[in-house]
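In what follows, a structure is listed as structure tokens, so that the remarks can point back to it.
Bear in mind these aren't lab numbers, they're just calculated from the coordinates by the rules spelled out. Here the structure is a predicted model, which means the values were calculated and not measured. A quick note on method: Cβ atoms are made from the backbone with ideal geometry, for glycine too, and the neighbour counts reach across all protein chains shown.
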Amino acid sequence: MAPAGLAWQTLPEPGALALVDTISRRAAALARPHPGDLPIEEIVTVEREVLRWLDPATRAEAESVLVDRLGGDPMPTLRAVCWLTASWAVVLHLRTGYAPTEVLRQLSFGGVWRGPQAPETERVWEFLTAQVRAGALAALTDDAAAAQAFYAAATTQIPGYPECLLHHCLMLMSGLWLTLAAHGVEPHDLAATLAVYTHDAFDRPTGSFRPLT
């Protein structure tokens, strides 16, 4: 089921659906990533926990689940979070007309971080925000160079860095969610809908997001 104010429509591509804002009438195609690159099941699992994280009653449990998923290879979870961030930027574009790239470039962290690896300076916050922006822009644009840059930064061997990056991304997503809600739209289950109503298209030549109107 589409979130309030949004509607799904079918497309000829087997791995994509059209998402239409019923108020602005803008539309965009949302597609599964290539299954060998980022399986849709990974995004669905992360999406479920991110939505639980937005609820204060289940926030600690959800973040614990996400942190546990970072073990071994943190990249699938981190990239799934960035994919979701990009999808929310697209939804905000559909409602407001703001370019998704600008939505991502304006992501900012304005609060006090009280997590276990609390950074001491605003410079660290800005560095982490830049990393999240890079990952989300890579997901949005399907740019190989941007994706490689995010991978190189996110796979640092500094202990605790993936956890810091994950937490910072969740904080940025929280701010983006509030902006979406202020415009009357809450994008629940975008990845889950793609998982149910599309299937993997191994020869898909385009990225996960593209404008239709």
Fill in the blank from the handout: Helix 75-96 sits off the longest principal axis of the Cα atoms of the chain, rounded to the nearest 10 on a 0 to 90 degree scale, by 50 degrees
Completion exercise
Debye calc, one equal point scatterer per Cα of region 39-186, no solvent, log10 I(q)/I(0) at q = 0.15, 0.18, 0.21 1/Å comes to -0.73, -1.09, -1.54
Handout entry: Distance (nanometres) between label positions extended 7 Å along Cα→Cβ at residue 108 and residue 7
Key = 3.7 nm
Problem - Projected label distance in nm at residue 210 and residue 123, using a 7 Å step from Cα toward the beta-carbon - result: 4.3 nm
Practice task
Report, in debye and to the nearest 20, how large the dipole of the chain comes out about its Cα centre when Lys and Arg carry +1 and Asp and Glu carry -1 on their Cβ.
Solution key: 520 debye
Completion exercise
Long-range amide H partners of residue 6, meaning residues 5 or more apart or on another chain whose placed amide H is closer than 5 Å, are 22
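So if each residue of separation counts as 0.36 nm, and I subtract the Cα-Cα distance between residue 196 and residue 25, what length gain in nm does that give?
Extra length from residue 196 to residue 25 when fully extended: 59.2 nm.
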Practice task
Could you list the residues of region 78-98 with an amide nitrogen less than 11 Å from a label point located 7 Å from the Cα of residue 143 in the Cα-to-C-beta direction?
Solution key: none
